[in-house]
Amino acid sequence: MVDTKVDLCGITLDNPVIAASGTFGYGYEFAELYDINCLGTFSFKGTTLEPRYGNDVPRIAECPSGMLNSVGLQNPGVDAVIAEELPKLRKSFHKPVMANVSGFSTEEYAEVTRRLDESDMSDMIGWFEINISCPNVHGGGMSFGTDPMMAGEVVKAVRKVTEKPLIIKLSPNVTDIVAIAKACEDSGADGVSLINTLMGMRFDLKTGKPLLANITGGLSGPAVLPVALRMVYQVANSVDIPVVGMGGISSADDVLEMMMAGATAVEVGAANLTDPFACRDIITKLPHVMDKYGVKTLRSGI
Ligand SMILES: Cc1cc2nc3c(=O)[nH]c(=O)nc-3n(C[C@H](O)[C@H](O)[C@H](O)COP(=O)(O)O)c2cc1C
């Protein structure tokens, strides 16, 4: 028998598969399709202080082996997440969840984290995933994740308001992702997760205009897997904190490959949008794939 369990910042996951933020809502929608307790866990939709309607449509464009999105952090705001979304989730999910936090200022990141941490839903939260890498909003998001000093400031501010593990979500849209990861580690992060989407665009041949109303969007899906593997490998070899690897994972083989690159756990994003059962099926197949490649445990790196 193989052992699929992994430890992420002091919490044991039954398996390393985490549904990625923005592709799994607040979980309960997927609970109507299957028992989501089979997941390692999931990262809920990026949550901001105020409600956000997101960017204008069209905000999705298909690409060969992937997709572009420019959703722009649509979410009901932290107070509604605490009052409405998490109580619904509590009924169907009985594991610690990853709380994905976004912001437009250092203070906002800290305030959203503080409200979640001090709320009566706090016991549901295992980790905070601080998204400093959203490419689809202006004046926030990715601008914090492309500068080591700004990234460090966000980490320090959030560190002050919670004792839960802090996982900082990094952007691939940088020259040196290792420098950002190290700045996060030095500022008190317990882990990093990567990659968020790669900035891209497409044009409508009939109009000659960009397909997305936001003009640019973030590329994800199988097309980005090699980029993600390279960045996870570089970061995992440079920091002493766990790395959650994501970008293009759509099979149990991909999970193993990402862990070989140095990831402690993995997230699965766009695959949930093409097949809502993707995470469940990957988890079912993982022990067989481990067996096939002679991998007995995932805990100590493979
Ligand atoms: C439609 C969509 C919405 C997303 N929203 C968020 C978000 O709110 N917060 C976040 O940290 N990442 C968000 N992401 C990024 C994913 O969590 C993930 O980092 C990225 O898509 C790469 O993984 P993948 O190739 O498996 O999709 C979003 C991705 C997609 C496709």
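Each reported figure results from applying straightforward, stated rules to the coordinates on display, with no laboratory input. Remember, it's a predicted structure, so these values are computed and weren't measured experimentally. Reconstructed Cβ throughout: ideal geometry from the backbone, glycine too, with neighbour counts over all protein chains shown.
Defining a contact as two alpha carbons under 8 Å apart and six or more residues distant in sequence, what relative contact order in percent does region 1-159 show?
20
Give, in nm to one decimal, the length gained when the segment between residue 176 and residue 209 is fully stretched (0.36 nm per residue of separation minus the Cα-Cα distance).
Computed gain between residue 176 and residue 209 is 8.7 nm.
Looking only at Cα atoms, what is the convex hull volume of region 68-220 per residue, in Å³?
120
Kirkwood hydrodynamic radius, region 50-99, all distinct C-alpha pairs: what's the number in Å?
13.2
Most exposed first by the Cβ proxy, i.e. fewest other Cβ within 10 Å, how do 95, 45 rank?
95, 45
Counting only C-alpha contacts under 8 Å and six or more residues apart, can you give the relative contact order of the chain as a whole percent?
21 percent.
Taking the number of other C-beta atoms within 10 Å as the exposure measure, put 125, 249 in order starting with the fewest.
125, 249
Give, rounded to the nearest 20 debye, the magnitude of the charge dipole that region 197-274 has about its Cα centre when Lys and Arg contribute +1 at Cβ and Asp and Glu contribute -1 at Cβ.
For region 197-274, the charge dipole is close to 460 debye.
Using the Kirkwood radius over C-alpha pairs as Rh, can you work out the diffusion coefficient of region 114-197 via Stokes-Einstein at 20 °C, viscosity 1.002 mPa s, in µm² per second?
Diffusion coefficient, whole number: 167 µm²/s.
Name the shape class, rounded, prolate or oblate, that the alpha-carbon gyration tensor gives for region 146-242, where a ≥ b ≥ c are the square roots of its eigenvalues, rounded holds for a/c under 1.5, and otherwise prolate holds if a/b is larger than b/c and oblate otherwise.
prolate
Any idea what % of Cα-Cα pairs in region 25-128 are farther than 20 Å?
I get 43 percent for the Cα pairs in region 25-128 exceeding 20 Å.
List the longest stretch of the chain that has no exposed loop site; here a site is one of the chymotrypsin sites (Phe, Trp or Tyr not before Pro) assigned by DSSP to anything other than H, G, I, E or B, with at most 15 other Cβ within 10 Å.
My reading of the result: 54-276 is the longest stretch.
Would you mind checking region 178-215 for residues with the amide N under 15 Å from a putative spin-label position 7 Å along Cα→C-beta of residue 56?
Only 209-215 pass the distance filter.
Once Rh is set to the Kirkwood radius over Cα pairs, what Stokes-Einstein translational diffusion coefficient, in µm²/s, holds for region 151-190 at a temperature of 10 °C and a viscosity of 1.306 mPa s?
The Stokes-Einstein estimate is 154 µm²/s.
Using Cβ contacts closer than 10 Å as the measure, can you line up 63, 134 from fewest to most?
Going from least to most buried by this count: 63, 134.
Calculate how large, on average over all directions, the projected area of the Cα convex hull of the chain is; give the answer in nm² to one decimal.
Mean projected area for the chain: 14.4 nm², to one decimal.
Before anything else, pin down the relative contact order of region 147-229: Cα pairs under 8 Å, at least 6 apart, normalised by residue count, whole percent.
Relative contact order comes out at 27 percent.
List the GluC sites (Glu not before Pro) within region 172-278 that DSSP assigns to loop and that have no more than 12 neighbouring Cβ atoms inside 10 Å.
Taking region 172-278 and a limit of 12 other Cβ atoms within 10 Å, no loop GluC sites (Glu not before Pro) are found.
Looking at region 160-302, I'd like the Rg to Rh ratio, where Rg is from alpha-carbon atoms and Rh is Kirkwood's inverse mean 1/r.
1.03
Loop only per DSSP, at most 12 neighbouring Cβ atoms within 10 Å: give me the GluC sites (Glu not before Pro) in region 80-181, ordered by residue number.
163
Give me the extension gain from residue 149 to residue 94: residue separation times 0.36 nm, minus the current Cα-Cα distance, reported in nm with one decimal.
16.1 nm
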